[in-house]
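These notes concern the structure reproduced below.
What follows is calculated from the coordinates using simple rules that are stated; it is not laboratory data. What you see is a predicted model, and the numbers here were worked out from it, not measured in a lab. Ideal geometry is used to build each Cβ from the backbone, glycine not excepted, and the neighbour counts take in all protein chains shown.
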Amino acid sequence: MKVIVDLCVVPIGVGVHLAPTIAACEKVLADAGLKIQLHPNGTEIEGDWAPINTRTDKDQTLEDKVASVQALLQARASSTGPRACSGLAGNAAPGGRR
């Protein structure tokens, strides 16, 4: 089965000249054997469907996936109170400095 994806990547921190970054991305896609078409707002990608990083054991909609994450966030917030990016806290130096 073929799938088509519309990809828009916005490079951050590379300055105002995006052509070299976009060209590098296009090369990676082409080297992967994908059919690509650059357009003003991104890139159309066509390729064969491969069940990579997706569940195939049950049907799941985008809404199901978002609801699953939201339920985890709500459960965590109700058990520990509000936190912001708790995964970063373990990397902070003593005194809260990084």
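Taking label positions 7 Å along the Cα-Cβ direction at both Glu44 and Arg76, the computed distance is 3.8 nm, reported to one decimal.
In this calculation the C-beta distance from Thr21 to Lys65 is compared with R0 = 41 Å, giving a FRET efficiency of 0.90.
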